[in-house]
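J.: Pasting a structure below so you can have a look.
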Ligand code: SF4
Ligand code: FES
């Protein structure tokens, strides 16, 4: 294993540069060091102007995403030694692909947050119980139905891995669609029709071409690609059902089905494919 590794780090200051450049820094390779440790070492001992985001240092906050040798990674969960072991003596670190750069390795995530909101990531109820009736209880089995999708830490690695996001910045993207499924599959929620009305369009669930890179890079095993395929199946099923419905059927019911939750008609548009 190499004793030192050269980090080639993208530097960009939009006020002073028209495009990013790279600067090289040599750092020691300690067995327990992750890429974030190397960045902190550079900032502490070589260049205090290096700018990057991080907070928890334990794969929880989702803020330290960056490209490491061309792959979207969490800097706090990517060991330097795994590269040095393979004889790599240089490591290229860049900001996450497909996001506007604020400075050096820091990207702008405002548009991403807006996409999450489009998935209506909250429990939607058509009928509320009175407070006196107590909580909405859930069995462990019902929790299991959506738990995997609730593990997302909004690190945006799946957006940097998704070629559809690269081609169409309007595509709502993997994490937002997995988030919609997280609520659709929650036994306390009655909003699946409303979400489907908002997401069944070419920039929504139909934008995904099932490349699967989102699932491969996700550090929390959320499996956004699987969530999207499930969602597509549900939408296709209800579209086909609508073709078999008798004339005069309520158009929203025909498009989204009357058995998506116990909610009655949804509130959105009627686009299904
Ligand atoms: S789905 Fe995975 S990769 Fe995408 S934002 Fe959530 S945790 Fe990150
Ligand atoms: S610093 Fe929080 S996930 Fe890496």
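The values are calculated or read from the model by the stated rules, or taken from the named source; none is laboratory data. All figures in this text were calculated on a predicted structure; none of them were measured in a lab. Methodologically, a virtual Cβ is constructed for each residue, glycine included, from the backbone with ideal geometry; neighbour enumeration extends over all protein chains shown.
J.: Could you tell me whether the stretch 184-192 includes any residue that is touching a helix residue (DSSP H, G or I) at 6+ places or on another chain (Cβ under 9 Å), within 16 Å of ligand 1 (Cβ to nearest atom) and modelled with pLDDT of 95 or more?
T.: If we filter the stretch 184-192 for residues that are touching a helix residue (DSSP H, G or I) at 6+ places or on another chain (Cβ under 9 Å), which is where we start, we get 184-189, 191-192.
Filter once more, keeping what is within 16 Å of ligand 1 (Cβ to nearest atom): 184-185.
Applying the additional criterion that residues be modelled with pLDDT of 95 or more yields 184-185.
Yes, because at least one residue in the stretch 184-192 is touching a helix residue (DSSP H, G or I) at 6+ places or on another chain (Cβ under 9 Å), within 16 Å of ligand 1 (Cβ to nearest atom) and modelled with pLDDT of 95 or more.
J.: Show the residue pairs that are 6+ apart or on different chains and have beta-carbon atoms under 6 Å apart, the first residue being within the stretch 59-75 and under 12 Å from residue 93 (Cβ atoms), the second being assigned to a strand (DSSP E or B) and more than 6 Å from ligand 2 (Cβ to nearest atom).
T.: 66/93; 67/94; 68/93; 69/92; 75/66
J.: Only one of 156, 139, 234 is farther than 15 Å from residue 116 by Cβ and modelled with pLDDT of 95 or more. Can you tell me which?
T.: Numbers: 156 fails: farther than 15 Å from residue 116 by Cβ; 234 fails: modelled with pLDDT of 95 or more.
Sole residue among the options that is farther than 15 Å from residue 116 by Cβ and modelled with pLDDT of 95 or more: 139.
J.: Can I ask one more? All but one of (1) surrounded by fewer than 24 Cβ atoms within 10 Å (Cβ to Cβ); (2) within 14 Å of ligand 1 (Cβ to nearest atom); (3) not in a helix (DSSP H, G or I) hold for residue 164; state the number of the condition that does not hold.
T.: Tallying (1) surrounded by fewer than 24 Cβ atoms within 10 Å (Cβ to Cβ); (2) within 14 Å of ligand 1 (Cβ to nearest atom); (3) not in a helix (DSSP H, G or I), residue 164 fails exactly one: (3).
J.: Looking only at strands (runs of 3 or more DSSP E) that lie completely in the stretch 55-99, which have at least 3 residues being within 16 Å of the chain's Cα centre (by Cα)? Lay out the reasoning, then the answer.
T.: Numbers: elements: 65-68, 71-74, 90-94.
Output list reads 65-68, 71-74.
J.: For the stretch 85-92, state whether one or more residues are under 12 Å from residue 36 (Cα atoms), outside the structural domain of residue 170 (by TED's automatic domain parsing) and more than 13 Å from ligand 1 (Cβ to nearest atom). Explain how you work it out, then say what you get.
T.: Of the stretch 85-92, the ones under 12 Å from residue 36 (Cα atoms) are none.
Among the residues of the stretch 85-92, not one is under 12 Å from residue 36 (Cα atoms), outside the structural domain of residue 170 (by TED's automatic domain parsing) and more than 13 Å from ligand 1 (Cβ to nearest atom), which makes the answer no.
J.: Now a separate question. Taking the conditions exactly as written (in a loop (DSSP other than H, G, I, E, B) and either more than 21 Å from residue 60 (Cβ to Cβ) or more than 16 Å from ligand 2 (Cβ to nearest atom) (or both)), does residue 215 satisfy them or not? Before the answer, list the steps.
T.: Numbers: in a loop (DSSP other than H, G, I, E, B): no; either more than 21 Å from residue 60 (Cβ to Cβ) or more than 16 Å from ligand 2 (Cβ to nearest atom) (or both): yes.
So residue 215 does not fit the description; no.
J.: Can you pull out every residue in the stretch 59-74 that is within 6 Å of ligand 2 (Cβ to nearest atom) and surrounded by 23 or more Cβ atoms within 10 Å (Cβ to Cβ)?
T.: Residues of the stretch 59-74 within 6 Å of ligand 2 (Cβ to nearest atom): 59-64, 74.
Within the stretch 59-74, 64, 74 qualify.
J.: Next question, about the same structure. So in the stretch 43-58, with the set limited to residues that are in contact with a strand residue (DSSP E or B) (Cβ under 8 Å, 6 or more places away or on another chain) and away from ligand 2 (no atom under 16 Å from the Cβ), which one is nearest to residue 155 (Cα to Cα)? Quick ask: steps written out before the conclusion?
T.: Pass one, the stretch 43-58, residues in contact with a strand residue (DSSP E or B) (Cβ under 8 Å, 6 or more places away or on another chain): 46-47, 50-53.
Still in the running and away from ligand 2 (no atom under 16 Å from the Cβ): 46-47.
On the way: 46: 28, 47: 26 Å.
Looking at the filtered set, the residue picked out is 47.
Every residue, every condition in (1) touching a helix residue (DSSP H, G or I) at 6+ places or on another chain (Cβ under 7 Å); (2) within 16 Å of ligand 1 (Cβ to nearest atom); (3) over 18 Å from residue 25 (Cα atoms), yes or no:
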| residue | (1), (2), (3) |
| --- | --- |
| 41 | no, no, no |
| 56 | no, yes, yes |
| 59 | yes, yes, yes |
| 68 | yes, yes, no |
| 76 | yes, yes, yes |
